[in-house]
Amino acid sequence: MLGTLGLKFYYGLYVLVVTKRLRVVLRIVVPYRDYKKLRPVLNELYAKGYKPVSMRRDVLFEDRRDLDPLEIVFRLEVTPTEARRIKRKIAETIRGTLGFFLMYRERSKT
């Protein structure tokens, strides 16, 4: 777990605050036809400097290419409140689609 230092004004005093940052894996799976709905969230992640670790499209049905699952995996380093905000935004975005997402902590290498 990594942290950042910052000063916060608290009851007339400046207090040193350590904000812990979590390393998480974000895995999003949506049908290819719903990729357009997900673009604003992905653009926001790109703007923050996060790049996808993998992006894969599998062909399941030759007749219905719009149902091909698109899987996008990110490794993020975020604060707990930022993680909650990202989860909420993705949930609102893919509501009503066949898609889903997972966000879980990355395992340490020890």
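Computed from the coordinates by the stated procedures, all read-outs in this text should not be read as laboratory data. All figures in this text were calculated on a predicted structure; none of them were measured in a lab. With ideal geometry, Cβ positions are generated from the backbone for all residues, glycine too; neighbour counts draw on all protein chains shown.
With both labels modelled 7 Å from their Cα along Cα-to-Cβ, the R75 to R105 distance reads 1.7 nm.
Once you've got the Cα coordinates, tell me which of K36/K109; K36/K87; K89/K109 are over 27 Å apart. Where the Cα-Cα span goes over 27 Å, the pairs concerned are K36/K109; K89/K109.
Around the amide H of L70, modelled in the peptide plane, lie the amide H atoms of V30, Y32, all under 5 Å away and 5 or more residues distant in sequence or on another chain. Using +1 at the C-beta of Lys and Arg and -1 at the C-beta of Asp and Glu, which of T81, V24, L60 has the Cα lying farthest in the positive direction of the dipole of the stretch 21-105? The listed residue farthest towards the positive side: T81.
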